[in-house]
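Below is one structure; the comments refer to it alone.
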Amino acid sequence: MNISNIINEIAKTDPEVYERVSGRRNLLKSFGSKVAVSALPLVLGSLFKKAYGQTTASASLIASMNYALQIEYFTYNFYHTGNNTGGLVSAADIAGLQAIENHDLGHINFLKNLITTMGGTPYTPKNYIGNPFIAAGAYDFTKSGTFTNVFTSYAIYLDLGQAFKDLAVRAYKGIIGSNGAGSSFIGTAMQIHSVEARHAAHVRYVRRNSGAIDNPKPWVSENISFQSAPLNQFIPFYINENNILQGTNIDITTLPGANGSTISHTAATEAFDEPLDMTTVQGLLSPFILI
Amino acid sequence: MKLYNTTQDLSAIKDVKSYDVSRRRFLQLAGGIAGTGAFLTACKKSADNRIFVGRGDVGLLNFLYIIEQLKAGFYAQANATTYYGLTLSEMQLLADLRDHDLAHVDFLALILAGNVIPKITLNLSPAIYADRTSMISNAIILEDLAVASYNGVMQSFSDAGYLPTISKIASVEARHAQYVRDLLNYNSFGDISLIDANGLGQSLSPQAALAIAQPYIQTQFDGSTLPA
């Protein structure tokens with residue numbers, strides 16, 4: 001048994017492990033292979049408590065990671081299905097939408113390994129068939145027949161794709177804000193969160209360029225969702241995105257704008273994205289998940 | 001912290017700096033623009049007159065304040081002297097970029113209250129604002145830098161109360177980065193140079209990020225208290 005091997009294994013999952021334990025590398029060197037096997041759990045426990053903020057992750061942190069994993073499976077399966085539906089995605093857009101699918105696949109792999117490393121059990125979707133992360137029997141993206149054309153109408157597909165990604169951004173923000181200061185998962189969650197935001201902005205931009213009636217910007221204006229039925233069912237996905245009280249109740253609509261003006265109400269709401277808590281997010285997604 | 005492609009990013013900055021042959025043209029363009037003068041004021045601070053960013057959470061917030069001032073100043077210039085061939089859509093969104101970042105600047109100053117550092121002096125010459133490619137290329141560098149800065153700074157806050165607030169700004173920076181990237185090169189919003197095989201976005205320590213920002217800033221900082 002060799003500490004280096006254990007660290008190397010973790011490094012395959014988390015390349016930052018050496019940086020996380022950086023102050024302790026010399027400690028490891030000095031121990032070398034002389035650490036008694038019986039003392040290893042203690043040494044490693046202390047090492048990772050420092051590196052990851054806990055010995056084995058707390059149940060709530062594991063739950064946060066599994067919640068993130070649940071969202072990643074959901075969006076991955078959505079984009080994977082779309083990208084593999086012939087004639088759905090325009091040729092100009094396929095590279096971008098495949099990048100989204102691939103990033104989400106990376107997130108699944110990363111989170112699965114991290115959760116396992118931290119002593120947890122990774123979430124798996126219902127009806128999961130283990131054919132790299134495809135769970136065709138796990139989701140109903142038509143929402144019980146409400147969106148029967150989700151994989152035949154490119155416009156509807158992009159509408160749902162935007163709503164799901166904007167929601168993922170809100171979900172990660174909820175995770176980041178609720179796990180306390182100093183947990184190293186904050187850094188990782190931020191890195192994933194930034195990629196989810198790039199995805200959401202990209203899908204909005206694709207819709208803007210395709211002449212979508214709401215002419216979305218890459219950022220979320222006010223709490224604007226889709227207006228016509230049945231797409232107006234996504235209005236709750238954007239609840240409170242028009243919040244104007246930030247930080248210590250600072251009214252951001254009073255902030256100075258360009259050229260001596262005051263910032264517009266819309267621009268102020270665009271400048272701050274809003275979180276959503278786990279219960280709300282899971283409630284919004286549940287009609288799309290088979291049980 | 002990860003330092004993905006720092007060398008590449010720095011060389012990119014050097015490349016755009018070589019546009020300095022057109023500095024005269026830039027100055028001509030910028031010269032008549034009221035309101036941006038403050039950013040162009042020569043900075044006479046000597047090395048031992050560096051601005052100390054502060055300790056702990058104050059230092060982290062002042063670091064973000066520097067990054068946001070840089071972007072707000074950059075977009076103020078980009079909006080004042082727009083590039084040739086600007087579309088209506090681009091004009092709208094370019095103004096949004098400026099307005100969002102201005103809001104972030106003033107918001108961070110209010111959060112910092114008495115601990116806020118003085119306004120900084122920028123060096124806006126790396127970009128040629130009338131040239132679409134030059135302006136957007138520089139915007140990409142600054143937006144990717146901002147995203148990596150927010151990603152890297154968050155785990156160092158000791159007051160958890162900042163986490164929700166700062167994460168609200170962070171994702172808007174990522175949306176900005178997508179836009180300027182796709183604007184220059186469609187579908188490049190998640191370029192492989194920025195996002196690793198695990199799908200994790202680039203992360204920079206505050207000190208590393210400040211070093212990348214420095215070519216755009218005349219003010220010198222004492223950031224020794226920031227995470228390296």
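The values are calculated or read from the model by the stated rules, or taken from the named source; none is laboratory data. Computed from a predicted structure; not experimentally measured. Ideal geometry is used to build each Cβ from the backbone, glycine not excepted, and the neighbour counts take in all protein chains shown. Each accessible area value is taken on the protein alone, full model and side chains, heavy atoms only, with ligands, DNA and RNA left out. Shrake-Rupley method; radii C 1.70, N 1.55, O 1.52, S 1.80 Å.
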- Mean shadow area (nm²) of the C-alpha convex hull around the stretch A:132-242 is 8.4
- Query: For A:Ala91 and A:Asn223 in one chain, what is 0.36 nm times their gap in residues minus the Cα-Cα distance, to one decimal in nm?
  - Reply: 44.4 nm
- Query: If amide H atoms are built 1.01 Å from N in the plane of the peptide, which residues on other chains or at least 5 residues away come under 5 Å of the amide H of B:Ile51?
  - Reply: B:Gln220, B:Phe221, B:Asp222
- Note on the structure: Going residue by residue through the stretch B:158-164, the Karplus relation 6.51 cos²θ - 1.76 cosθ + 1.60 with θ = phi - 60° gives ³J(HN,Hα) values, rounded to whole Hz and with x marking Gly or Pro, of 9, 8, 4, x, 7, 4, x
- Message: What do you get for trypsin sites (Lys or Arg not before Pro) in the stretch A:99-171 restricted to DSSP loop and a cutoff of at most 10 other Cβ within 10 Å of the site's Cβ?
- Response: none
- Sorting A:Met278, A:Met65 on solvent-accessible surface, 1.4 Å probe, most exposed first, gives A:Met278, A:Met65
- Note on the structure: Counting only DSSP loop positions in the stretch A:58-133, the chymotrypsin sites (Phe, Trp or Tyr not before Pro) whose Cβ has at most 16 other Cβ atoms within 10 Å are A:Tyr128
- Message: With the cut-off at 1.5 for a/c, could you classify the stretch B:53-164 from its C-alpha gyration tensor as rounded, prolate or oblate?
- Response: prolate
- Message: Can you work out the Karplus-derived ³J(HN,Hα) for every residue in the stretch B:216-226? Use 6.51 cos²θ - 1.76 cosθ + 1.60 with θ = phi - 60°, whole Hz, and x for glycine or proline.
- Response: 9, 10, 7, 4, 9, 10, 9, x, 5, 8, 7
- Item | Long-range amide H partners of A:Tyr139 with built H, under 5 Å | A:Leu290
- Amide H neighbours of B:Leu122 under 5 Å, at least 5 residues apart or on other chains, H built in the peptide plane: list them. B:Gln218
- Cα centroid separation, the stretch B:207-228 to the stretch A:163-221 (Å): 28
- Checked the stretch B:125-228 against the a/c 1.5 cut and the a/b vs b/c comparison, axes a ≥ b ≥ c from its Cα gyration tensor; verdict oblate
- Under the Karplus relation 6.51 cos²θ - 1.76 cosθ + 1.60, θ = phi - 60°, what is the ordered set of whole-Hz ³J(HN,Hα) values for the stretch B:151-156, x standing for Gly and Pro? 4, x, 7, 4, 6, 8
- Item | Protein heavy-atom accessible area occluded, B/A pair - total, 1.4 Å probe, Å² | 4900
